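Asks: Sharing a structure here in structure tokens format.
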Number of protein chains: 2
Amino acid sequence: VPLKEKLLIQRIRRTADRRGARSGQGIGDDCAVLRVPRDHEVLITTDFSLEDVHFRREWHPPDSVGHRCLARGLSDIAAMGGVPHEAFLSLALPADLPQSWVDGFVRGLLKLANRYAVRLAGGDTAQSPDGVLADIVVLGSLPKGEAILRSGARPGDSVYVTGTLGSSAAALHQLRDGKKLRPGSHLKHFYPEPRIAVGEFLRKKKLASAMIDISDGLSTDLAHICEESKTGAMVYAPALPACPGKDGLTLALHGGEEYELLFAARSGCRIPKQIAGVSVTRVGEIVRGRQMTLATADGNMEALRPAGWEHFS
Amino acid sequence: VPLKEKLLIQRIRRTADRRGARSGQGIGDDCAVLRVPRDHEVLITTDFSLEDVHFRREWHPPDSVGHRCLARGLSDIAAMGGVPHEAFLSLALPADLPQSWVDGFVRGLLKLANRYAVRLAGGDTAQSPDGVLADIVVLGSLPKGEAILRSGARPGDSVYVTGTLGSSAAALHQLRDGKKLRPGSHLKHFYPEPRIAVGEFLRKKKLASAMIDISDGLSTDLAHICEESKTGAMVYAPALPACPGKDGLTLALHGGEEYELLFAARSGCRIPKQIAGVSVTRVGEIVRGRQMTLATADGNMEALRPAGWEHFS
């Protein structure tokens, strides 16, 4: 094992040891061993973060790459209404990668992990033939049968989103245009916040009939809900919590990597305007049939097609 | 999502649907949802399989790459005495990869999965900037507190290995020398068999005090047991189940990717000569101190240093 990997493993291991372990054993064995609370079920999600596909080293500082890597997995747990517990990081590094980059990556990842009491419990390391390759596995849990699926929406349900939409994609467009961005001024793109507390609230209060996180863009992710629920949907363009600017509506409809929650709720449900400090906006409804429609500000109806995120490779 | 990824996801999904699901939900949601039997704990392991690091497309047929990818994870479950249940595959593919290669990879992986009733329950796909990148997560379970760790060996324990040692590395040396090998004649390298049944037997009968699988070479993996157990070890060179040939001893001591089990057992334990059709050989003992020693055929003692596998990158 090359020195850099050894250092990384040691560092992860020290971190894992220091944290309170829910499990019997941690890193250092062939497998991690986890205990699951009685009457709970386990949630698992895996997400790649590949250099030049999901991030660029010249655009994203290393701690942002580490943060975003874990945020993708945490957001998937949030979208089920779950509580995240452990993360497993598989990381392949090019031989010429500076140690400071690795340190920054791990720092960004662990800072986010600590905020949600998520333990880095294992993983794999390798030398990469080309570019930084990360794959994150996040495990969470929730009481049996309470997972909020994509398939539970019914015609008549209202559709809601958390937060605002479009600013992550807007930042990406600026990066593509060659602009230098200060990460601290574009938090939504560089340090997106997974909506764990909102997901948990909706699950505990049994408010959401179906849920997904917006990683590929509202149009694409709403299509996933419609597909799994065998419904259509109507989206009210003027209601979307879009960012100002001429492309605001397009970015809100199709911009990816927002990591906001998109959920359906029965029409009788009272949904708070804010949950855990995050705004919640009604943006449409679930309808019969299999079509998605956009109701525009001038009263027209247009077909809404999934046209979300394809990454920037 | 490019067409190839869509096809892959559909294929995995169809396979997942067809199989009996232990879980409430399968692929198609943000997370997979798994139920764990009462009084069991969960085992998790993640392993990269990267082109030109862990395999080469010109050496390894696609079904061998798929088989080896999953075998690495299954072998880690075996090394804890666990039963594997689910696998999650993260797979990034170069744009120009032939569909037939992907089909072969998935076929090899699923054939092995089916043999152990392991369900492919999710994963992630992406386009790879360079080379095939796979990361496999395998989940298993066993009754609480029964995991066989690396840390349980004590001075006086005997050390055993399953099967034979060295033929996987021997095949790799031939490939490196430019030889064409028929995969069917070098099964140990191209289609290694994870020792699930042996691991489960040892756990159920409470025969093993510590266990690891030989993925990095006996010298390196025995050093892991010694490190975690805070012991030394003595290995009897003439006892090793080495393959014939002039480098037999070296390959048996240091050759990687054997996926045999290496375990310690209290001196009073009767270990069968064969378990689940696989030979079991006593090759040494656990000793006080922190040194590893090799007792050679001519009665000499040599220091045994970890000199195992570094992959072939």
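Asks: So which residues in the stretch A:161-185 are farther than 26 Å from A:Ile275 by Cβ, aliphatic (A, V, I, L, M) and outside any helix (DSSP H, G or I)?
Replies: If the condition is that a residue be farther than 26 Å from A:Ile275 by Cβ, aliphatic (A, V, I, L, M) and outside any helix (DSSP H, G or I), then A:Leu181 is the only one that fits.
Asks: Sticking with this structure for a sec: Residue pairs, Cβ under 6 Å, 6 or more apart or interchain, first in the stretch A:239-266 and among the acidic types (Asp, Glu), second assigned to a loop (DSSP other than H, G, I, E, B). List them.
Replies: Close Cβ pairs satisfying both conditions: A:Glu258/A:Ile214; A:Glu260/A:Gly163; A:Glu260/A:Ile214.
Asks: Mind listing whichever residues of the stretch B:201-214 are more than 14 Å from chain A (Cβ to nearest Cβ) and either charged (D, E, K, R) or assigned to a helix (DSSP H, G or I) (or both)?
Replies: B:Phe201, B:Lys204, B:Lys205, B:Lys206
Asks: Same structure, new question: Looking at the stretch B:76-98 only, could you name the residues that are out of contact with any Ser or Thr (no Cβ under 7 Å at 6 or more places or on another chain) and in contact (Cβ under 8 Å) with a residue 12 or more places away in the chain?
Replies: Once the filter is applied, which keeps residues that are out of contact with any Ser or Thr (no Cβ under 7 Å at 6 or more places or on another chain) and in contact (Cβ under 8 Å) with a residue 12 or more places away in the chain, the stretch B:76-98 yields B:Ala78, B:Ala79, B:Met80, B:Gly81, B:Pro84, B:Glu86, B:Ala87, B:Leu89, B:Ala95, B:Leu97.
Asks: So which of B:Gly245, B:Gly308 ends up being touching a Gly at 6+ places or on another chain (Cβ under 9 Å) and farther than 28 Å from B:Ile77 by Cβ?
Replies: B:Gly245 is the lone residue from the list that is touching a Gly at 6+ places or on another chain (Cβ under 9 Å) and farther than 28 Å from B:Ile77 by Cβ.
Asks: Which of (1) free of Cβ contacts under 8 Å to residues at least 60 places away in the same chain; (2) within 30 Å of B:Ser128 (Cα to Cα); (3) acidic (Asp, Glu) is the odd one out, the single condition A:Glu302 does not satisfy?
Replies: (2)
Asks: Next question. Is there a residue in the stretch A:249-266 that is open to solvent by 50 Å² or more (accessible area, probe 1.4 Å) and among the hydrophobic types (A, V, I, L, M, F, W, C)?
Replies: yes
Asks: Another question about this same structure. List pairs: first in the stretch A:267-290 and under 14 Å from A:Met234 (Cα atoms), second part of a loop (DSSP other than H, G, I, E, B) and aliphatic (A, V, I, L, M), Cβ under 7 Å, 6+ apart or cross-chain?
Replies: A:Val283/A:Leu240; A:Ile286/A:Ala153
Condition check ((1) surrounded by fewer than 21 Cβ atoms within 10 Å (Cβ to Cβ); (2) away from every other protein chain (no Cβ under 12 Å)) across all residues:
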site	(1), (2)
A:Arg38	yes, no
A:Asp47	no, no
A:Asp52	yes, no
A:Pro62	no, yes
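Asks: B:Tyr236: open to solvent by 20 Å² or more (accessible area, probe 1.4 Å), out of contact with any His (no Cβ under 6 Å at 6 or more places or on another chain), of a type in the set (Ser, Thr, Tyr) and at pLDDT 95 or above, yes or no?
Replies: Criteria met by B:Tyr236.
Asks: Could you list, ordered by first residue, the pairs with Cβ atoms under 6 Å in which the first is in the stretch B:117-138 and touching a residue at least 60 places away in the same chain (Cβ under 8 Å) and charged (D, E, K, R) and the second is open to solvent by 10 Å² or more (accessible area, probe 1.4 Å) and assigned to a loop (DSSP other than H, G, I, E, B), at least 6 apart or interchain?
Replies: These pairs meet every condition: B:Arg119/B:Arg19.
Asks: Look through the stretch B:84-112, keep the residues that are within 12 Å of B:Cys69 (Cα to Cα) and touching a Leu at 6+ places or on another chain (Cβ under 6 Å), and return whichever of them is nearest to the other protein chains (Cβ to nearest Cβ).
Replies: B:Ala87
Asks: Same structure again: Name the single residue that is farthest from the other protein chains (Cβ to nearest Cβ) among those in the stretch A:215-225 being under 17 Å from A:Gly152 (Cα atoms) and surrounded by 24 or more Cβ atoms within 10 Å (Cβ to Cβ).
Replies: In this case the residue turns out to be A:Leu222.
Asks: Over 30 Å from B:Pro244 (Cβ atoms), assigned to a strand (DSSP E or B) and small (Gly, Ala, Ser) - does that describe any residue in the stretch B:136-159?
Replies: yes
Asks: Is there a residue in the stretch B:292-303 that is assigned to a loop (DSSP other than H, G, I, E, B) and hydrophobic (A, V, I, L, M, F, W, C)?
Replies: The answer is yes, given that some residue of the stretch B:292-303 is assigned to a loop (DSSP other than H, G, I, E, B) and hydrophobic (A, V, I, L, M, F, W, C).
Asks: Continuing with this model, one more query. From B:Arg115, B:Arg119, which residue is more than 7 Å from chain A (Cβ to nearest Cβ) and either touching a Ser or Thr at 6+ places or on another chain (Cβ under 7 Å) or closer than 21 Å to A:Asp47 by Cα (or both)?
Replies: Being more than 7 Å from chain A (Cβ to nearest Cβ) and either touching a Ser or Thr at 6+ places or on another chain (Cβ under 7 Å) or closer than 21 Å to A:Asp47 by Cα (or both) holds for just one of B:Arg115, B:Arg119, which is B:Arg119.
Asks: Would you point out the residue of the stretch A:180-201, among those that are touching a residue at least 60 places away in the same chain (Cβ under 8 Å) and open to solvent by 50 Å² or more (accessible area, probe 1.4 Å), that is nearest to the chain's Cα centre (by Cα)?
Replies: This residue is A:Glu193.
Asks: Now for a different question. So which of A:Ala307, A:Ala276 is under 27 Å from A:His54 (Cα atoms), open to solvent by 50 Å² or more (accessible area, probe 1.4 Å), under 19 Å from the mean Cα position of the chain (by Cα) and not charged (D, E, K, R)?
Replies: A:Ala307
Asks: Which number in (1) more than 18 Å from A:Leu142 (Cα to Cα); (2) part of a helix (DSSP H, G or I); (3) modelled with pLDDT of 90 or more marks the one condition that A:Leu89 misses?
Replies: (2)
Asks: Just to be sure, is A:Ala197 within 30 Å of A:Ser151 (Cβ to Cβ), assigned to a helix (DSSP H, G or I) and not polar (S, T, N, Q)?
Replies: Here the answer is yes, as A:Ala197 does meet what is asked.
Asks: Now for a different question. Looking only at the stretch B:142-179, count how many residues are away from chain A (no Cβ under 14 Å), charged (D, E, K, R) and crowded, with 21+ Cβ neighbours inside 10 Å.
Replies: Here the count works out to 1.
Asks: Being more than 8 Å from chain B (Cβ to nearest Cβ) and surrounded by 24 or more Cβ atoms within 10 Å (Cβ to Cβ) is the filter; apply it to the stretch A:122-137 and report the residue that is farthest from A:Glu228 (Cα to Cα).
Replies: The extreme case among them is A:Ala134.
The values are calculated or read from the model by the stated rules, or taken from the named source; none is laboratory data. Note that this is a predicted model, so its numbers are computed, not measured. Backbone-built Cβ (ideal geometry, glycine too); neighbour counts: all protein chains shown. Calculation scope for accessible area: heavy atoms of the full protein, side chains included, ligands and nucleic acids excluded. Shrake-Rupley method; radii C 1.70, N 1.55, O 1.52, S 1.80 Å.
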